[in-house]
1. Return one number: the angle in degrees, 0 to 90 and rounded to the nearest 10, between the long axis of the Cα atoms of helix 357-369 and the longest principal axis of the Cα atoms of the chain.
2. What does the convex hull of the Cα atoms of region 311-425 come to per residue, in Å³, rounded to a whole number?
3. Restricting everything to alpha-carbon atoms, can you work out Rg to Rh for region 375-469 with a Kirkwood hydrodynamic radius?
4. Over the chain, calculate the relative contact order: mean separation of alpha carbon pairs under 8 Å at least 6 apart, over the residue count, as a percent.
5. Rounded, prolate or oblate: pick one for region 420-503, where a ≥ b ≥ c are the square roots of the eigenvalues of its C-alpha gyration tensor, a/c under 1.5 means rounded, and failing that, prolate if a/b is larger than b/c, else oblate.
6. Specify the angular offset, from 0 to 90 degrees and rounded to the nearest 10, of the alpha carbon long axis of helix 394-406 from the longest principal axis of the alpha carbons in the chain.
7. For region 118-186, compute the orientation-averaged projected area of the C-alpha convex hull (one quarter of its surface), in nm².
8. Using Cα positions and a limit of under 13 Å, work out the aspartates and glutamates in reach of Lys152, with same-chain residues fewer than 8 apart set aside.
Amino acid sequence: MRSFILLALLAAAAPASAARTQPMPPASPLHGYVLGRYAYADDSLGDAARFFDAAREQDPGQPELRRRAFALAIASGDQARGFVLARQLAEAGEGDAEVSVVRLVEAVLKKDWRAAEVARAGMAQAGYASVVGPIVDGWILFGRGKPEAGLKMLDPTRFTGFARSYIAEQRAHMLAAAGRWPEAAQAYGELRASTAAGISFLRQGEADALAQAGDKAGALKLLEGGDGPMEAARARLAAGKRIGLLAPDARRGLGWMCARLAADLSRERPVPLAVLFARVSTFLAPDVAATWLIGGDVLARSGQQESALTAYGKVLVDDALADVALSRRADVLESMGRDADAGAILRTAAEAPAAGVGEWTRLGDWHRRAERFGDAAEAYSRAIMLDGEAEANWGLWFLRGSMKERGGDWKGAEADLRVALVRAPDEPIVLNYLGYSLLDRGVQIAEASSLIERAANLRPGDGGIVDSLGWSLYRQGRFGEAVETLERAAGLEPTDPTVTEHLGDAYWQVGRRIEARFRWRAALAMEPSDKQRKDIAAKLDFGLDAAPAMLAAK
């Protein structure tokens with residue numbers, strides 16, 4: 001079974017937003033409540049917020065309406081309404097930790113540090129207070145002109161586990177904001193060595209601190225071989241410009257904290273708290289592109305695709321993260337069934353005069369997902385040409401080879417796959433794909449088996465590769481061993497039609513005919529390809545031995 005690689009190289013653009021008609025006010029509070037629920041379900045967060053707010057104004061004695069209006073104002077990104085409703089909830093004695101978060105954001109934006117302290121106290125009982133509290137305290141002190149006291153609050157040695165990395169990151173930001181460049185560079189470097197979270201941004205922060213400390217050469221070296229934002233930072237530095245502080249003040253320091261919390265909270269599954277932190281990060285730091293990018297990601301995972309598109313569109317076209325935002329925007333459009341719109345964005349980016357490897361790779365990925373194999377191979381060819389055949393990495397050769405193979409050009413596919421193998425001799429994906437492709441064609445069986453065995457040794461927990469190993473044993477006539485291996489593959493990939501069909505074939509060969517038919521029927525229920533469906537149906541009708549002849553006769 002072939003395993004496919006997804007090269008997640010991403011890129012960005014601002015979305016076009018059609019003018020929306022303002023909804024008519026509801027006839028009653030109940031009417032507004034119902035309309036708000038429908039608008040929310042329809043991914044119209046702004047309309048939902050307005051409906052609930054109108055219902056709340058018509059019936060101010062209903063705390064549920066006020067609370068729902070508040071939550072939707074924040075989720076829709078309506079900062080002004082969110083601040084007003086947070087104040088009203090607090091004054092009515094209906095505040096909680098989430099209301100306090102919004103009150104804190106408003107206070108920080110106003111530099112009202114006394115109000116910030118009051119709001120911070122309202123978060124004391126929240127589950128995230130152990131992480132958020134010290135950071136908020138530290139930045140409040142910094143905002144009051146007491147950076148030394150703020151840094152004392154952010155001593156990583158006082159914390160463990162999850163909280164420690166947050167505190168360490170914020171300490172690095174604050175050291176840089178205080179102009180303590182050597183210490184900031186060291187703090188960023190230590191953090192990079194211990195965590196992968198936001199690693200590219202940490203490199204940027206470390207490089208800026210190094211350059212400000214007088215080590216421009218060290219900063220340039222640190223940024224070598226980086227992603228898009230790192231390339232942009234290196235270009236700025238090489239041109240004699242400042243990279244810039246990540247968090248020069250409390251506003252942006254807390255914005256980074258909220259963005260990171262939002263990303264971590266939504267990693268497993270979207271939760272309302274993640275949306276809250278994502279939105280307030282954009283309130284605090286709308287000039288930091290990463291807050292919009294993370295906000296878009298959280299909204300997309302929460303099923304709010306239109307809002308996600310709007311968030312990605314806030315990333316300016318000349319920002320270092322513009323490419324990432326464009327790719328995420330295309331992904332969301334695809335998930336909405338707007339494949340043509342996604343393709344238009346990716347095609348325009350690829351055909352731009354300054355387009356590079358990333359743009360053509362993303363276009364190839366789009367064609368690949370739609371199984372337009374020839375178009376995908378052509379796009380990957382452009383990426384290889386732009387990268388230079390001698391320099392292009394194995395992934396591009398593999399992607400083009402796999403598309404040629406699926407498109408019926410085996411000669412071209414084998415050549416590309418062998419180049420990929422030379423450049424990545426221990427890459428399980430390449431070993432398995434080439435080995436299975438040879439095995440599938442009944443050529444060079446010994447080499448195919450050897451390649452698959454190497455892949456299985458390198459990645460024993462990959463169900464697709466274990467399936468290939470079992471099928472290799474089957475093709476060699478070692479049916480008993482094939483059954484044992486394919487049973488293991490089925491345990492790893494219980495819903496894969498190819499694995500299930502292969503196990504049925506192996507059962508048939510060792511005389512376990514009832515189990516074979518059970519597996520084939522199960523494979524039919526797993527959405528196999530049209531060809532697979534015909535093959536499996538013939539096996540069920542005529543048995544494994546007669547099926548090929550009966551299919552040929554038809």
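Just so you know, all these numbers are worked out from the coordinates, no wet-lab data involved. Not measured: the values here are computed from a predicted model.
1. So the inclination is approximately 60 degrees.
2. About 106 Å³ per residue, rounded to a whole number.
3. We get a ratio of 0.98 for region 375-469.
4. About 11 percent, as a whole number.
5. Because a/c hits 1.5 or more and a/b fails to exceed b/c, region 420-503 counts as oblate.
6. 50
7. Value for region 118-186: 4.6 nm².
8. Candidates past the 8-residue exclusion: Asp137.
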